[in-house]
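I have placed the structure first, in the form of structure tokens, so that the comments after it can refer back to it.
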Amino acid sequence: MNTSILLRSFNFLYFALLAMFIPFLPVYLDDQGLTPAQIGLVIGTGGFITIIAQPLWGMISDRTKTIRKVLLLLLLCSAITGYFLYDSTSYIQLILLAMLLYFFLMPIDPLTESLNFRIAEASGISYGSIRTYGALGYGIMALLTGYVMYYLGARGLGLLFAGSCLLAFLVSWKMPDAPVSGKPVTLNSLRHFFSNKETLLFLLLVFIISVPARMNDTFLGVTLLDLGGSAALIGQSFFLAAISEILVFALSFWWLRQGKELLIISFAGACYFIRFFLSAWITDPHLLAYLQVMQLFTFPVFYSAAIQYLYRIVPEEWRATGQTVLALLFFGVSGILASYAGGALYGSFGGRSFYLYVSAMSLAGTVFGLALYRTYGNRSKGTGANISS
């Protein structure tokens with residue numbers, strides 16, 4: 001089978017798994033009777049696990065010069081862990097199994113993005129044309145998961161998750177491995193990457209914008225339930241958000257310009273601010289669900305520009321590790337603050353104050369991004385490639 005078809009199929013299936021895990025784990029925990037603070041504790045602790053797991057598996061991939069074999073192992077372990085997680089009701093079991101799933105499932109994201117970029121670059125196809133299928137899989141599975149929970153109950157997710165993992169395993173079994181760099185992996189190259197002031201400021205910008213985004217991902221489902229919505233409506237909201245990403249990823253070759261990444265990230269931050277500020281004043285769960293269409297201007301714009309910027313400055317032999325750093329900030333470090341602080345904030349002050357705080361952080365990220373663009377602008381010169389080509 002054609003390599004690009006296999007890779008697109010894998011993106012569809014993996015991001016479908018994320019759709020069952022990221023937005024619906026808080027909903028499942030809420031269904032089991034956990035409070036917002038307890039939910040934040042579980043997901044925040046998962047962020048700590050992600051901090052350990054993503055660099056570990058990224059380093060293993062770079063050192064062994066294989067992505068596909070690492071993916072196979074992680075998918076198999078995720079299938080087993082996910083099945084038992086969504087079949088558990090004990091608080092202790094929920095925590096332990098959730099931590100294991102964070103350890104196995106979340107490192108797949110940066111490895112997949114690295115695989116996407118490397119194969120797209122080697123095959124001369126658009127990165128966006130591959131990543132579009134991830135957004136499609138996320139949206140369709142979010143919608144399906146919402147209906148599964150609505151009609152079959154929260155514990156109906158176990159078989160759906162395990163089955164999707166095994167399908168992804170079969171597809172990845174057929175995939176070729178990513179092209180690898182001929183340069184040796186050295187710690188000096190990574191030290192050089194982290195010693196650059198512009199790089200550190202860029203990573204700080206990613207962190208500031210990621211925290212409010214992750215807060216919304218974690219507590220949107222809980223907010224919808226508090227406003228009187230159903231599990232099906234939660235699925236619809238994440239479906240709308242993910243489907244809106246498709247056109248943006250597909251047209252990344254048209255709108256994503258090298259040298260303008262910081263400006264583009266600032267634009268995404270401004271749209272995050274508008275989206276979350278409006279969320280604070282909405283009391284109709286259906287209207288809040290429809291507002292998720294603004295994802296069109298936020299995550300796909302932010303993440304595509306961030307990846308392109310990263311690949312311009314990271315040493316070639318550390319691309320998988322560099323991608324891991326980006327994913328680590330978005331899903332790990334920022335997820336810890338988003339979950340712990342978000343759970344405490346939501347539990348103490350309610351949804352409106354929660355979203356006002358989240359919107360203020362997005363505004364701060366926008367201002368910081370514009371300041372970085374004013375300072376560095378087009379002067380950033382990298383050795384990487386343009387992912388939109």
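Here are some notes:
- Aspartates and glutamates whose Cα lies under 13 Å from that of Lys65, excluding same-chain neighbours fewer than 8 positions away: Asp177, Glu316, Glu317
- Here the chain exposes an accessible surface that is 69 percent carbon and sulfur, computed with a 1.4 Å probe and the other protein chains kept in place.
- About its Cα centre, the dipole of the chain is roughly 1040 debye, where the only charges are +1 on Lys and Arg Cβ and -1 on Asp and Glu Cβ.
- Environment charge of Ser304, counting only residues whose C-beta is closer than 14 Å and scoring Lys/Arg +1, Asp/Glu -1: +1
- Rounded if a/c under 1.5, otherwise prolate or oblate - the range 231-322, Cα gyration tensor axes: prolate
- The residues of the chain have, on average, 37 Å² of accessible surface per residue, using a 1.4 Å probe with all protein chains present.
- Between the beta carbons of Leu204 and Ile5, assuming R0 = 56 Å, the FRET efficiency works out to 0.90 to the nearest 0.05.
- For the range 96-182, the relative contact order comes to 29 percent (Cα pairs under 8 Å, sequence separation of at least 6).
- For the chain, averaging the sequence separation of C-alpha pairs within contact (under 8 Å, six or more residues apart) and dividing by the residue count gives a relative contact order of 29 percent.
- Per residue, the chain reaches -26500 deg cm²/dmol at 222 nm when only DSSP H runs of four or more residues are counted, each adding -39500 (n - 2.57).
- Relative contact order of the range 39-133, pairs being alpha-carbon contacts under 8 Å that are 6 or more residues apart, as %: 36
- GNM top mover of Ala371, Ala168, Ala142 - the chain, alpha-carbon springs below 10 Å: Ala371
- Estimated FRET transfer efficiency (Lys65, Asp284; beta-carbon r; R0 45 Å; 0.05): 0.30
- Put the Cα centre of the range 1-73 next to the Cα centre of the range 267-316 and the gap is 20 Å.
- Kirkwood analysis of the Cα pair distances in the chain returns a hydrodynamic radius of 20.6 Å.
The values are calculated or read from the model by the stated rules, or taken from the named source; none is laboratory data. This one's a predicted model, so the numbers in the text were calculated from it and none came from an experiment. We place every Cβ from the backbone using ideal geometry, glycine too, and count neighbours over all the protein chains shown. These area figures cover heavy atoms from the full protein model, side chains too; ligands, DNA and RNA do not enter into them. Shrake-Rupley method; radii C 1.70, N 1.55, O 1.52, S 1.80 Å.
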